[in-house]
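Computed from the coordinates by the stated procedures, all read-outs in this text should not be read as laboratory data. Note that this is a predicted model, so its numbers are computed, not measured. Here the Cβ positions follow ideal geometry from the backbone for every residue, glycine too, while neighbour counts run over all protein chains shown.
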């Protein structure tokens, strides 16, 4: 049997999951969004992300993805995860 699927808003994710996402998508995630039908049979865009235990679909639009990248200080003006942020996040996850 496959992993449980969790559909969640970006703002409701834990700091640990956010750190893992940043490390998984160091060059941003706007172009990694997929589209699927939700339980109401409406199309929704989301970022796929997999951990050892779960398969996440993190709801966001392309505009929201761009805004997240622009407002997050861990990413530079080109939308890339900074080396300092990468090192810090890797250390946090190792603890």
TODO: Figure the gain on full extension for residue 61 and residue 41 (residue separation times 0.36 nm, minus the Cα-Cα span) and round it to one decimal in nm.
DONE: 5.5 nm
- [ ] Just check the stretch 54-95 against the gyration tensor rule for me: Cα atoms, a ≥ b ≥ c as the square roots of the eigenvalues, rounded for a/c under 1.5, and otherwise prolate or oblate depending on whether a/b exceeds b/c.
- [x] oblate
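How big is the Cα convex hull of the chain in projection, averaged over all directions, in nm²?
Numbers: hull surface 26.9 nm².
Result: a mean projected hull area of 6.7 nm².
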Task: Ranked list, fewest to most other Cβ atoms within 10 Å of each Cβ, for 64, 70 - done: 70, 64
TODO: Measure nothing but the geometry: give the 0 to 90° angle between the long axis through the Cα atoms of 62-71 and the longest principal axis through the Cα atoms of the chain, rounded to 10°.
DONE: 20
TODO: Could you work out the relative contact order of the chain, using alpha carbon pairs under 8 angstrom and six or more residues apart, expressed as a whole percent?
DONE: 31
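Arrange the peptides 6-17, 50-61 so that the one whose residues have, on average, the most other Cβ atoms within 10 Å appears first.
Working: 6-17: 13.2, 50-61: 15.2.
Sorting 6-17, 50-61 by mean packing, highest first, produces 50-61, 6-17.
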Open item on the list: If you take every DSSP beta bridge fully contained in the chain, what fraction is antiparallel? Give it as a percent rounded to 5.
Closed with: 65
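Residue separation times 0.36 nm, minus the C-alpha to C-alpha distance between residue 70 and residue 8: what's the value?
Gain on extension, residue 70 to residue 8, equals 20.2 nm.
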